[in-house]
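Notes to accompany the following structure.
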Amino acid sequence: MTSTRLTTRGWLMMLPLLAVMVLVIGWPFVQTVHYSFTDARLAGTGGTYVGLHNYQRVVNSPAFWSSFRLTAEFALISVTIELVLGVAAALLLNQELVGRNVLRGLMILPWALPTVVNGTLWRLIYNPEYGALNAALSQLGLIESYRSWLGEPGTALAALIVADAWKNFPLVALIALAALQAVPRDIRTAAMVDGAGAWARFRFIFVPYLVGPLTVAIVLRLIEAFKVFDIIWIMTRGGPANSTRSLSILVYQEAFSFQRAGTGSSLALIVTLIVMLLALAYAGIMRRSAGGGI
Amino acid sequence: MSALDLKGISKSFGRLPTLAGIDLTLDSGEFLVLLGASGCGKSTLLSIIAGLLDPTDGKVEIAGRDVTRVAPKDRDIAMVFQSYALYPSLSVARNIGFGLEMRGASKAARREAVNRAAEILQISHLLDRKPAALSGGQRQRVAIGRALVREPKLFLFDEPLSNLDAKLRMEMRSELKRLHQMLAATIVYVTHDQIEAMTLATRIAVMRDGRIEQLGTPDEIYNCPATSFVAEFVGAPPMNLIRARAEGGALHVAGAPQPLPLPPEHTGAGLKAEVLLGIRPEALRLVDANGLMPVDVDLVEFTGPEQVVDTRFAGQRLTAILPPERRVAPGSRIAFRWPPERIHLFDAETRRRV
Amino acid sequence: MDRRSPAFTVFVYAMALLLALVILAPMAWLFIMSISPAADLSARPLRWWPEEPDFSRYRALFSLAQNSIGAGFISALWNSLRVAGMATIAAIALAVPAAWASSRVPRVGWSLGLVVASYMLPPVALSVPLYMGLAHFGMLNNVFGLAIVYLTILAPFTTWLLRSGFDLIPKEIEAAAAIDGARLDQALRIVVLPLMAPVIATAALFAFLLAWDEFFYALLFTSNEQAKTITVALADLAGGRVSDYGLIAAAGVVAALPPVLIGLVMQRALISGLTAGGVKG
């Protein structure tokens, strides 16, 4: 078969997907860019060209910067916790252990739990009057009176991070475990014969196998965390006093609660830009690891 | 009418030329082996004959018909792949009959053809199994069976034996030889294994860097290599090549006690000065220590029927295969002679035979 | 292989127990809440285990009475099932040919990169035009509209998964089929797709889970029983005027049940699917 014919055939097979993607992603994205330079309203009114005005408004607003700081905090802290707990759990599951397969099977559960259910679950646990956390802590004598974990700006973000990390650390653990088990048995045995201690084995045998997969997982998790909406919406709706208002929540409020499609769009594009920078870092890592993979 | 005609086939991937102007004519009933190291372009050439790749330039003719732009299925060829490429979800019988099924043959005709092929290949008892339940050798037979039933004008084999272990490989080699003789089929066969090439081929094309280095019968390739590359590539251990100067009707090797005689047909000829003197290890005979070619023995490997002796002659490596009767000791000094007609001379610069 | 001291073995088992507890306790508590009488849940000190399990919430959720909580809940389940099902089928139908092309045709492959890169776009960057577009075509609060929107998430993802599946199937098999005289559609149907069946099933399950979990678009684009999905219904319940936490917990259990069951049954396939990309990366 001639290669031009093969290429034509390839495009024909690709076409339906590309057409749908243009329709549901390409066109909306271009529209978002367009709106970001206008004063469009969600109801369809407005739409006059206003240049960079929307962007100036966003960059000059304290709300944007506080959301940005908060989202970054949320992303960095939860991903760090997921990384530490994930690797620890993977090292544990890599030990000879009766019931290891059952335990590994359990790890899939938090991942499978829908985010909305997860948010609801933790919201109930944190409930200021009847929540399990208050009950447990006071029955253990750790707190004197019940607290409103999600209702106080000081603890709301931390409470959210715990809920998010609980759902996502098992995934990191499974990825790390797969990487650990990819270490050839011979290498482990050789290291042991060579007299390497536990730490030396971890540092020189396991870490090189972990770095690649975990970097990928971490960057993807960071991207996800920067886009966070669902769990915050369920648990706090961005409150109290906007102390958990992530960038995506801010966009939602601007574009849908206040119906300002124009500023909402420019804000959304700034979020997109941040995520793209993370994605570029990801692509860079992928290229480097493809070049000199382990 | 020739079975296969390649005219000026060249192929580049991007700016990288993989094949550079291949011309080849194959008669009906021939068994042509494309022999070369990996990356020499032999598999690319086979894919072009099959129609799986387009040549950048040139023409492919099968049985006199120009098929350069014809789809693989309409070329009347069958191909056996290195990975066997059996259809994992289909039974052995359906695998073998797939080509006939696709061409709309009746069920009865298909069954008959499949049974006949299975009988020839001694796999009749496996017809109901799935490929995953077969051993490597059995899979190989199924792959060959799939080609057989089609009764094509041309069979193409892409390193078909390289995934088998040594014993099975030998078995399948004789099997292929038997099939070729029985069916009088025309075959193009790609391999990097020179023993397969020597034993199976009616003609061998030794390939290197996208060109045919030499095309000839196994006898010609072995006994009359056209270049020092062919001389070294075919034969194990490879032919010894010794740097020498041809001058005054004799060969002078730096550091050797006396000049060596030229082969008979070269005596007195106007040779270029710098040459490579080629001697196959098995052409060397052991003589007394003060013979024509005194050497120091480094290493002796006894293989049973023979001993492989690694030596140095005037500082250059020289390997000999000697009969086991008179054992040679490492560190000793011995000497060789050889029948004068069994040495080869190559131009040191062009590496071509002189 | 590794010789361990008894102390270390005890430590390993203690940690394993802790890990199991951390993972199971929150989910177990959700279930316990769902079967505890309201009085137990508001008692101080809190009663951790109901004296008498109370399954009345599950009955309420599945009651068919007009305008009851159950009616809304059942329609939400049904909407989720329809939206996720339609979006999954459409995504697979688009993804199979596209994944084949991107795996087999060198000059087409790059376009998949573009499609996959769209995964990086946060939904907020598409939501306003999608909202206006759906409004324009009268497809707000409509399961078809929502299913189409879900293709933004499912199609790139499934194509990517299927492509790595096609990459694992040797090209020689298709070449052999081509030489044997099969047309492309025959080669795909008879030879290649049966091999892809497990990968396609896994991709479809992933896609279904993603669609079942989706909340953001569903929140924006649906408004009542006609199209509201289970995630939105649960959020309404949790954030609304319902004062019986046991009922909220029961709704959460029901919403979590399909994905958790799929997760348990398909464990092996899911784990290898989840980790393959990363480890190969």
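The values are calculated or read from the model by the stated rules, or taken from the named source; none is laboratory data. What you see is a predicted model; the values in this text were computed from it and never measured. Glycine also receives a Cβ, built like all others from the backbone with ideal geometry; neighbour counts cover every protein chain displayed. For the accessible areas, the whole protein counts, side chains as well, though only heavy atoms, and no ligand, DNA or RNA atoms are used. Shrake-Rupley method; radii C 1.70, N 1.55, O 1.52, S 1.80 Å.
Below is a table of values for the structure above.
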| quantity | calculated |
| --- | --- |
| Sequence of A:Trp233, A:Trp27 when ordered by accessible area, the most exposed leading, probe 1.4 angstrom | A:Trp27, A:Trp233 |
| Percent accessible area from carbon and sulfur atoms, the range A:61-290, protein chains only, probe 1.4 Å | 64 |
| Helix axis angle, C:245-265 relative to chain C longest principal axis, alpha carbon, degrees | 30 |
| Amide H partners (placed H, <5 Å) of A:Asp39, local residues excluded | A:Gly47, A:Thr48, A:Val50 |
| The range A:61-290, relative contact order in percent, only Cα pairs under 8 angstrom and at least six apart counted | 28 |
| Solvent-accessible surface (1.4 angstrom probe) belonging to B:Arg69, in square angstrom, nearest 10 | 150 |
| Set B:Lys177/C:Lys171; B:Lys7/B:Lys73; B:Lys130/B:Lys153; B:Lys59/B:Lys177 screened for pairs whose C-alpha atoms are more than 24 Å apart | B:Lys177/C:Lys171; B:Lys130/B:Lys153; B:Lys59/B:Lys177 |
| Residues with amide H under 5 Å from that of B:Ala63, placed H, sequence gap 5 or more | B:Leu4, B:Asp5 |
| On Cα atoms only, tilt of C:267-280 relative to the major axis of chain C in degrees | 60 |
| Average beta carbon contacts from partner chains per residue of A:129-135, 10 Å cutoff | 5 |
| Cleavage-rule hits (chymotrypsin sites (Phe, Trp or Tyr not before Pro)) in the range C:19-55: DSSP loop, at most 16 neighbouring Cβ within 10 angstrom | C:Trp48, C:Phe55 |
| Built amide H within the under 5 Å cut-off of B:Val287, gap 5+ | B:Ala335, B:Phe336, B:Arg337 |
| Average accessible area per residue (Å²) across chain C - probe 1.4 Å, nucleic acids and ligands excluded | 43 |
| Cα-Cα pairs of the protein assembly as shown separated by more than 49 Å (percent) | 43 |
| Summed buried accessible surface, chains C and B, 1.4 Å probe, nearest 100 Å² | 1500 |
| Within straight-line cross-link reach of C:Lys228, aspartates and glutamates at Cα separation under 19 Å, skipping those fewer than 8 residues along the same chain | A:Asp230, C:Asp213, C:Glu214, C:Asp236 |
| Table column - 3J(HN,Hα) (Hz), the range C:223-234, Karplus curve with 6.51, -1.76, 1.60, x for Gly and Pro | 9, 8, 3, 3, 9, 4, 8, 4, 5, 5, 4, 5 |
| Accessible surface, chain B, averaged per residue in Å² (probe 1.4 Å) | 44 |
| Surface per residue (accessible, 1.4 Å probe) for the range A:61-290, Å² | 39 |
| 1.4 Å probe, heavy atoms, protein only - residues of the range A:57-100 losing at least 30 Å² accessible area vs chain alone | A:Leu92, A:Gln95, A:Glu96, A:Leu97 |
| Whole-Hz couplings from phi, Karplus 6.51/-1.76/1.60, listed for the range A:274-288; x for Gly and Pro | 4, 5, 4, 4, 4, 5, 5, 4, 4, 4, x, 5, 4, 5, 5 |
| The range C:76-275: proportion of alpha-carbon pairs further apart than 22 angstrom, % | 55 |
| Fraction of accessible area attributable to carbon and sulfur, chain B (%, probe 1.4 Å) | 50 |
| 0 to 90° range, to nearest 10: angle between helix C:143-168 axis and chain C longest Cα axis | 50 |
| All lysines inside 19 Å of A:Lys167 as judged from Cα atoms, apart from same-chain residues fewer than 8 positions distant | A:Lys227 |
| Probe 1.4 Å - accessible area at A:Thr48, Å² to nearest ten | 90 |
| DSSP-assigned coil residues among trypsin sites (Lys or Arg not before Pro) in the range A:101-177, each with at most 14 further Cβ atoms within 10 Å | none |
| Largest-first ordering by accessible area, 1.4 Å probe, given options A:Thr80, C:Thr222 | A:Thr80, C:Thr222 |
| Area hidden from solvent between C and A (accessible, protein heavy atoms only, 1.4 Å, total, Å²) | 8400 |
| Carbon + sulfur, % of accessible area of the range C:1-54 - ligands and nucleic acids excluded, 1.4 Å | 71 |
| 3J(HN,Hα) from dihedral phi, the range B:210-224, Karplus parametrisation 6.51/-1.76/1.60, rounded to Hz, x for glycine, proline | x, 10, 8, 6, 7, 10, x, 5, x, 4, 5, 4, 7, 9, 9 |
| Residue order for B:Arg169, B:Arg351 - accessible surface, 1.4 angstrom probe, largest first | B:Arg351, B:Arg169 |
